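**Q** Handing you a structure now.
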Amino acid sequence: MIGKLFNATKPTEAKAPAEAAGPKHVAIIMDGNGRWAQKKGKIRTFGHKAGVDSVRAVVRFARQNNIESLTLFAFSSENWKRPEEEVSVLMELFNLVLNSEAKKLNKNGVRLKVIGDVNGFDAKLVEKIHKVEEMTKDNSELVLNIAANYGGRWDIVNAAKQLAAQVKTGEVKEADINEELFNSFTSTAELPELDLLIRTGGEHRISNFLLWQCAYAELYFTDVLWPDFNEDVFQQAVDDFKVRQRRFGLTGEQVVKADG
Ligand code: IPE
Ligand code: IPE
Ligand code: MG
């Protein structure tokens with residue numbers, strides 16, 4: 001009888017919940033190198049060197065998790081104000097990493113792009129950057145953007161300047177300027193919308209990173225210092241992203257209906 005009541009009709013096959021979509025474009029503010037080193041009684045640059053291993057780990061994770069684009073904040077336009085010694089170690093490290101990793105990135109199908117005002121770097125480094133960008137330009141497994149001498153305000157001003165130049169020549173009409181066109185002049189023009197921004201190191205700020213691109217990004221802050229960041233922490237951020245409801249101004253009910 002009870003069986004009849006509860007089992008009157010053949011139970012339909014339990015439908016597995018649809019796997020929530022992961023982020024396509026993730027950006028990371030890699031913060032906390034200096035404090036990590038100081039906690040160990042070492043000089044700050046020891047932390048920058050250790051941070052390179054975390055960069056390798058996140059690139060690996062991105063490749064394995066179908067992330068299309070990974071944008072890493074390596075050096076901000078404000079970081080020039082740091083002690084000369086620290087800035088020069090950071091430049092050296094950038095150079096070394098480009099040398100040691102370029103071939104491996106290329107072999108793994110990674111396209112490397114540097115976003116930021118590269119004119120601020122010395123000529124040799126600029127040449128190397130262009131060489132690696134050229135070598136990897138046809139790769140499509142992952143776009144790895146290294147933000148170096150990058151500032152979000154610079155990105156916006158730079159886009160505005162290019163747009164103004166095209167209005168001046170008549171290539172673009174003022175009336176045709178809209179968000180999509182403006183976006184096409186920013187340093188992330190060809191990339192998917194930014195889905196997830198992670199900041200390590202415990203601070204809750206953007207520090208002039210992707211200001212235009214952050215409009216609807218999900219923000220994830222962790223106290224983990226950058227050299228301690230690894231695949232597990234990245235996975236936690238992605239899992240957290242997957243259970244968030246992105247409403248883009250709609251009501252929750254509208255979003256559920258549209259997803260249904
Ligand atoms: C981030 O770590 C790396 C760069 C800014 C180049 P920090 O060097 O800012 O480390 P903290 O925040 O001082 O610990
Ligand atoms: C942001 O970190 C820049 C990078 C991670 C490259 P900072 O350490 O420079 O940021 P603030 O100064 O704490 O805001
Ligand atoms: Mg910092």
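**Q** Based on Cα positions only, what radius of gyration and what Dmax would you give for the range 66-147, in angstroms?
**A** 13.0, 39
**Q** What do you get for Rg/Rh of the range 101-188 when both radii come from the Cα atoms and Rh is the Kirkwood radius?
**A** On the way: Rg = 15.5 Å, Rh = 14.6 Å.
Radius of gyration relative to Kirkwood radius: 1.06.
**Q** Oh, and also: At 1.4 Å probe size, with the rest of the protein present, what percent of the exposed accessible area of the range 114-260 is carbon and sulfur atoms? Mind showing how you got there, number by number?
**A** Working: 4140 of 8480 Å².
After summing per-atom areas, the C and S share lands at 49 percent.
**Q** Also, quick follow-up: Mind checking the angle between helix 123-135 and the chain's longest principal axis? C-alpha axes, 0 to 90 degrees, to the nearest 10.
**A** On a 0 to 90 degree scale, this one is about 40.
**Q** Could I ask something else about it? P(r) for the chain, please, calculated from all Cα pair distances in 10 Å bins and given in %.
**A** Taking every Cα pair in the chain, the percentages come to 6, 26, 32, 20, 9, 4, 3, 1, 0.
**Q** Quick one: of Lys128/Lys161; Lys131/Lys173; Lys40/Lys81; Lys49/Lys124; Lys24/Lys104; Lys40/Lys124, which pairs are farther than 29 Å apart, Cα to Cα?
**A** Details: Lys128/Lys161 26 Å; Lys131/Lys173 35 Å; Lys40/Lys81 24 Å; Lys49/Lys124 21 Å; Lys24/Lys104 22 Å; Lys40/Lys124 34 Å.
In this structure, Lys131/Lys173; Lys40/Lys124 lie more than 29 Å apart at Cα.
**Q** Measuring with a 1.4 Å probe in the full set of protein chains, what accessible area per residue, in whole Å², belongs to the chain? It would help to have the intermediate numbers written out before the result.
**A** Working: 15600 Å² over 260 residues.
Accessible surface, normalised per residue, equals 60 Å².
**Q** So, one more: Among Leu250, Leu125, Leu96, whose mean-square fluctuation peaks in a Gaussian network model of the chain (Cα, cutoff 10 Å)?
**A** Largest GNM mean-square fluctuation: Leu250.
**Q** Is it possible to state the helix-based mean residue ellipticity at 222 nm for the chain, with each DSSP H run of 4+ residues giving -39500 (n - 2.57), the sum divided by total residues, to the nearest 500 deg cm²/dmol? What is it? Don't skip to the answer; put the middle values down first.
**A** Numbers: 9 runs with 114 residues, N = 260.
Roughly -14000 deg cm²/dmol at 222 nm, from the helical runs in the chain.
**Q** Can you tell me the order of 137-143, 205-211 when each peptide is scored by its average per-residue count of other Cβ atoms within 10 angstrom, highest first?
**A** On the way: 137-143: 14.7, 205-211: 16.9.
The most tightly packed comes first, giving 205-211, 137-143.
**Q** Sticking with this one: Using the eigenvalues of the Cα gyration tensor, what equivalent ellipsoid semi-axes result for the range 208-260 when each is taken as the square root of five times the eigenvalue, whole Å, largest first? Let's see the in-between values first.
**A** On the way: eigenvalues 146, 51, 10 Å².
Value: 27, 16, 7 Å, ordered largest first.
**Q** Could you work out the relative contact order of the chain, using alpha carbon pairs under 8 angstrom and six or more residues apart, expressed as a whole percent? Intermediate results must be reported in sequence, preceding the final value.
**A** Numbers: 360 pairs, mean separation 70.3, N = 260.
Computed value for the chain: 27 percent relative contact order.
**Q** Moving on. Let me know the charge dipole size of the chain about its Cα centre in debye, to the nearest 20, where only the beta-carbon of Lys, Arg (+1) and Asp, Glu (-1) is charged.
**A** Details: 35 positive and 37 negative charges, 122 e Å.
The calculation lands at about 580 debye.
**Q** Sorted by packing (mean other beta-carbon atoms within 10 Å per residue), highest first, where do 37-44, 128-135, 223-230 land?
**A** Numbers: 37-44: 13.6, 128-135: 15.4, 223-230: 19.8.
Final packing ranking: 223-230, 128-135, 37-44.
**Q** For the range 80-165, with the dipole built from +1 on Lys and Arg beta-carbon atoms and -1 on Asp and Glu ones, taken about the Cα centre, which of Val97, Val110, Ile146 lies farthest toward the positive end?
**A** Comparing the listed Cα positions along the dipole, Val110 ranks first.
**Q** Could you compute the FRET efficiency for Asp53 and Val157, with r as their C-beta to C-beta distance and R0 at 35 Å, rounded to 0.05? Walk me through the numbers on the way to the answer.
**A** On the way: r = 35 Å, r/R0 = 0.99.
After rounding to 0.05, the efficiency reads 0.50.
**Q** Rounded, prolate or oblate: pick one for the range 104-256, where a ≥ b ≥ c are the square roots of the eigenvalues of its C-alpha gyration tensor, a/c under 1.5 means rounded, and failing that, prolate if a/b is larger than b/c, else oblate.
**A** Details: a/c = 1.79, a/b = 1.14, b/c = 1.57.
Note, shape of the range 104-256 comes out oblate.
**Q** Once the Cα atoms of helix 44-64 and of the chain are each reduced to a long axis, what angle between those two axes, in degrees from 0 to 90 to the nearest 10, is obtained?
**A** So the helix axis and the longest Cα principal axis differ by about 40 degrees.
**Q** At q = 0.10, 0.11, 0.19, 0.21 Å⁻¹, what is the log10 ratio I(q)/I(0) for the range 20-168, with the Debye formula run over Cα points and no solvent?
**A** -0.38, -0.46, -1.28, -1.45
The values are calculated or read from the model by the stated rules, or taken from the named source; none is laboratory data. All figures in this text were calculated on a predicted structure; none of them were measured in a lab. Note that each Cβ is placed from the backbone with ideal geometry, even for glycine, and that neighbours are counted across all protein chains shown. Accessible surface areas use protein heavy atoms only, side chains included; no ligands, DNA or RNA. Shrake-Rupley method; radii C 1.70, N 1.55, O 1.52, S 1.80 Å.
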